[in-house]
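The values are calculated or read from the model by the stated rules, or taken from the named source; none is laboratory data. Computed from a predicted structure; not experimentally measured. FYI the Cβ positions are ideal-geometry reconstructions off the backbone, even for glycines, and counts take in every protein chain you see.
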Amino acid sequence: MKITDHIKEAKGETLFSFEIIPPVKGHKIQELYDNIDPLMEFKPPFIDVTTSREEYVYIDRNGLLDKKLTRMRPGTVGICASIKHKYDVDTVPHVLCGGFTKEETEYVLVDCQYLGIDNVMALRGDAMREEKYFQPAEGGHEYAIGLVEQLNDLNCGNYLHDTMEGTNCADFCIGVAGYPEKHLEAPSLQSDLKRLKEKVDAGAHYIVTQMFFDNKKYFEFVDAAKAMGIDVPIIPGIKPIAVKRHLNLLPQVFRIDIPQDLIDAVDGCENNKAVRQVGIEWAIQQSKELKEAGVPVLHYYSMGKSDNIHAIASALF
């Protein structure tokens, strides 16, 4: 079922969902199931599965370093299919511009259609660690709007080299990312909203925001998006602080602000166990306010661990 249909069927009730990261290759999927299992009691209508782009590794060849491209995590689509089968829940694979040609993207999407995966999150992705700026793959999309357009073309039966009609057309529900504090590369929030409007006009059906810790920024973002004519559901993305280094890491990586009250609470913790509890309590209060405001879904970035998300959801659902 499409994310937008789940929201319509909820009739104003706030839904619960979460996002997971595939395990590093060499690990078994049971580790993933062990973190998903406790969260299924809250009946998530969908689970997002991220995609990791390729990375460079250096292999020692008799004293010479050989630079090779590799992917450190298993395929997102396969994991989505496995979760969908095991839990009878909709899954949302993340599809990236980075590291994929348009043809490779089409192969992924054809697999999704074949497996009955109805929803896709279209993202540009980050630059590789060795790149100062994002560089698209040769023959790939430079921006997420290109992915949205390709997905919309498939929904109309237009493949890269073929045209299908009728029941052979795809019917994907397309999600895109929104940034309440603007994308780190955008010159202003207003220009970032214009790019978001372009993605919606190109066929995106819903938006999931980047993490934020001040609900005021989410509410202002939604108001500004509506004023620009963006009328699709805007789902807030929430990440609980879990370790002390998040105070420096999250603003550096995502260019977001952390409220001073949260900073002071984390600074006053003696260890990361106490920090984790502070993060849980902050996210509970954040979520309660968002739920009271009638957000369609509370979407949690679990980062492969479920105990703190379970504690938050237990207080809300």
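Structure data summary
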item	result
Test: Glu138 is farther than 26 Å from Ile29 by Cα and over 19 Å from the mean Cα position of the chain (by Cα)	yes
Where Leu262 falls short, out of the listed (1) touching a residue at least 40 places away in the same chain (Cβ under 8 Å); (2) under 22 Å from the mean Cα position of the chain (by Cα)	(2)
Any hit, the range 146-166, residues being crowded, with 20+ Cβ neighbours inside 10 Å and either small (Gly, Ala, Ser) or over 20 Å from Val200 (Cα atoms) (or both)	no
Of all residues in the range 2-18 being under 18 Å from the mean Cα position of the chain (by Cα) and not aromatic (Phe, Trp, Tyr), the one that is farthest from Leu316 (Cα to Cα)	Lys2
Candidate set: the range 120-166, residues that are at pLDDT below 95 and in a strand (DSSP E or B); chosen: the one nearest to Arg255 (Cα to Cα)	Asn158
Selection count, the range 137-157, where residues are more than 23 Å from Lys197 (Cβ to Cβ) and either touching a residue at least 60 places away in the same chain (Cβ under 8 Å) or out of contact with any strand residue (DSSP E or B) (no Cβ under 8 Å at 6 or more places or on another chain) (or both)	4
When residues of the range 211-239 are limited to those that are crowded, with 20+ Cβ neighbours inside 10 Å and among the aromatic types (Phe, Trp, Tyr), the one farthest from Phe16 (Cα to Cα)	Phe221
Members of the range 211-230 found to be in contact (Cβ under 8 Å) with a residue 12 or more places away in the chain, assigned to a helix (DSSP H, G or I) and within 26 Å of Leu249 (Cβ to Cβ), listed by number	Asn215, Lys217, Tyr218, Phe219, Glu220, Phe221
Tally, over the range 187-210, of residues that are at negative phi, assigned to a loop (DSSP other than H, G, I, E, B) and either buried (at least 17 other Cβ atoms within 10 Å of the Cβ) or acidic (Asp, Glu) (or both)	4
Output for the range 19-45, where each listed residue is buried (at least 18 other Cβ atoms within 10 Å of the Cβ), out of contact with any helix residue (DSSP H, G or I) (no Cβ under 6 Å at 6 or more places or on another chain) and either of a type in the set (Asp, Glu) or more than 17 Å from Phe317 (Cβ to Cβ) (or both)	Glu19, Ile20, Ile21, Leu32, Asn35
Residues satisfying the stated conditions in the range 274-299, i.e. more than 30 Å from Ser188 (Cβ to Cβ) and either modelled with pLDDT under 95 or among the aliphatic types (A, V, I, L, M) (or both)	Ala274, Val275, Val278, Ile280, Ile284
Meets criteria (surrounded by 15 or more Cβ atoms within 10 Å (Cβ to Cβ), aliphatic (A, V, I, L, M) and either part of a helix (DSSP H, G or I) or in contact with a strand residue (DSSP E or B) (Cβ under 8 Å, 6 or more places away or on another chain) (or both)) for Val110	no
Enumeration of residues in the range 167-185 that are within 19 Å of the chain's Cα centre (by Cα), of a type in the set (A, V, I, L, M) and at pLDDT below 95	Leu184
Members of the range 160-181 found to be under 15 Å from Ala144 (Cβ atoms) and out of contact with any Ser or Thr (no Cβ under 6 Å at 6 or more places or on another chain), listed by number	Phe172, Ile174, Gly175, Val176, Ala177, Tyr179
